[in-house]
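> Have a look at this one before I ask anything.
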Amino acid sequence: MLPMHATTGTADTQALGGIHFLWLELTNRCNLACTHCYAESGPHPARADVLTTADFRRLLDEGAEIGCRAVQFIGGEPTLHRGLPELIAHARAGGYEHVEVYTNGTHLPPALLDCFVRHSVSVAVSVYGDDPDTHDRVTTRRGSHRRTIANLRKLVDAGLEVRAGVIAMETNRDRIDDTMAFVRGIGVPHVSLDQARGIGRGTDVTAGEAGLQALCGACWQGSLCVAPDGGASPCVMSKAWPVGSVLRESLAELARSAPLQDTRRLIRDRVWAPRDAARRATIQASDEPCLPCPPCAPQCEPLCPPCTPLCPPTCIPPCTPKTGVSFERSAAHARSNGSCTPDGCLPQQGPCPPRDDPCAVCVPAGPCPPTQPRPDPCSPPIPTRAPTVCSPV
């Protein structure tokens, strides 16, 4: 029997083979050495950086050619890579609609901030404590909290889209609520929480699940990570399950490859589907119309773009609609007037999503590319480009 929401149709094939979200790890080097770092980054990383700025430009071009419109630059610490401003400009020029930098927030020269503003870059930052002692014990670098918070204020004041994630571990577990309130008080609108994952140095600070079960599972739905050495994997956390190398294959070839599709299928069947089924059961039994999706690895925010509410748990750029309706009603509306919206949903007055429709997905109003109707409203969205999927109000 197929796991919940797995289908044998075209939509499932597209999910297993497409690339809708791209992580580009620019460097293994980082000015911090966080105790939980899944990538085991630091000032003197064990793994060398192989890909050049020209290589990353080529990857952006290849991604755009196969319909990818969302990219996150990550590391290590991506702001230490001299080519970052050039790559941001190249992504925007190439048609990428969601361009984000995931940073520890300690390094923000004025010229880089100007680049972020000029190209409307989204920025994601991790914060580990409301007080310097807690935060700096996680980063193992004194003064990191002061620099991160000062730069978070600059990013907010600049009017950029900023989000932050608090990652819980034994070091900061008693400061989680205070930390989240503190970051919101700075003016960061999107603050989320996750647990440290049992990957990389994370195995030293958490008693949680390790191996495949340490993943959130959402990466089966069209994401790809390229490491500084050219290695490719479904996400930044899944490097133990490599699917190829951009030194030998193009992104188009990787997207069609059996290793990528087989690995995504493995993650879907063993990780995502069981958790999604359990989450849906919780929703069905709850009096609440909207429940948050499970955390991505290391969390939906900030490593991935935020999760889609309710179903399915995928990571797509955020927004907040006033209203929303279900796939079935909106698809009928689209057929009647020829309009189109991501995943076949249209905004409408009413709750988001309705209690009797656990598979409703909120989406914004406005133009969007056509998408193929999904045969099963509970199956994951397979857009022709990465849509803007919204959080419930």
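The values are calculated or read from the model by the stated rules, or taken from the named source; none is laboratory data. Because the structure is a prediction, the values reported are computed rather than measured. No Cβ is skipped: glycine too gets one built from the backbone with ideal geometry, and neighbour counts run over all protein chains shown. Accessible surface is based on the protein model in full, side chains and every heavy atom, while ligands, DNA and RNA are left aside. Shrake-Rupley method; radii C 1.70, N 1.55, O 1.52, S 1.80 Å.
> With a cap of 10 neighbouring Cβ atoms within 10 Å, and only residues DSSP puts in a loop, list the trypsin sites (Lys or Arg not before Pro) found in the range 170-252.
ARG248
> Just to confirm, what accessible area per residue do you get for the range 45-114 at 1.4 Å probe, in whole Å²?
For the range 45-114, the solvent-accessible area averages 38 Å² per residue.
> Within 10 Å of each candidate Cβ there may be at most 14 other Cβ atoms; applying that plus a DSSP loop requirement, which GluC sites (Glu not before Pro) in the range 160-230 survive?
GLU170, GLU209
> Report the label-to-label distance for LYS154 and ARG248 in nanometres (one decimal), using points 7 Å from each Cα along the Cα→Cβ vector.
About 4.2 nm separates the two model spin labels.
> Label 7 Å along Cα→Cβ of ARG118; the range 40-84 residues with amide nitrogen under 15 Å?
Under cut-off, by backbone N: 83-84.
> Using a probe of 1.4 angstrom, how much of the accessible area of the range 48-181 is carbon and sulfur, in percent?
Reported share for carbon and sulfur atoms: 49 percent.
> Would you kindly state how much longer the chain becomes between ASP133 and ASP229 on full extension, computed as 0.36 nm times their sequence separation minus their alpha carbon distance, in nm to one decimal?
31.1 nm
> Same structure again: List the residues whose amide H sits under 5 Å from the amide H of ALA168, counting only those 5 or more places along or on another chain, with H placed 1.01 Å from N in the peptide plane.
Sorted by chain and number, the residues that satisfy this are ASP194, GLN195, ALA196.
> May I ask you to compute the full-extension gain from ALA33 to ILE66, defined as 0.36 nm times their residue separation minus their alpha-carbon distance, rounded to one decimal in nm?
Gain on stretching ALA33 to ILE66: 8.3 nm.
> Let me ask another. For labels at GLU209 and ARG58 in the simple 7 Å Cα→Cβ model, what's the distance in nm?
Roughly 3.8 nm, to one decimal.
> Hey, another quick one. Heavy atoms of the protein only, probe of 1.4 Å, neighbouring chains included. What is the accessible area of HIS98 in Å², nearest 10?
The accessible area of HIS98 comes to roughly 20 Å².
> Amide H of VAL101: which non-local residues (sequence gap of 5 or more, or other chain) have their own amide H closer than 5 Å, using H built in the peptide plane?
PHE73, SER122, VAL123, ALA124
> Treating only the Cβ atoms of Lys and Arg (+1) and Asp and Glu (-1) as charged, compute the dipole magnitude of the range 63-138 about its Cα centre; round to the nearest 20 debye.
Dipole of the range 63-138, to the nearest 20 debye: 320 debye.
> Same structure, new question: Step through the residues of the range 236-248 one at a time and calculate ³J(HN,Hα) from phi using the Karplus curve (6.51 cos²θ - 1.76 cosθ + 1.60, θ = phi - 60°), rounding each to whole Hz and writing x for Gly and Pro.
Result, ordered by residue: 5, 8, 9, 5, 6, 10, x, 10, x, 9, 6, 6, 10 Hz.
> Another question, if that's okay. Suppose accessible area is computed on protein heavy atoms with a 1.4 Å probe; arrange SER238, SER250 from highest to lowest.
So, going from the largest accessible area down, we get SER250, SER238.
> Report the full-extension gain for the segment ARG270 to ASP177: residue separation times 0.36 nm, less the Cα-Cα distance, to one decimal in nm.
Here the segment from ARG270 to ASP177 would lengthen by 30.3 nm.
> Could you sort 77-86, 37-46 so that the peptide with the highest average Cβ count within 10 Å comes first and the rest follow in order?
Descending mean neighbour count gives 77-86, 37-46.
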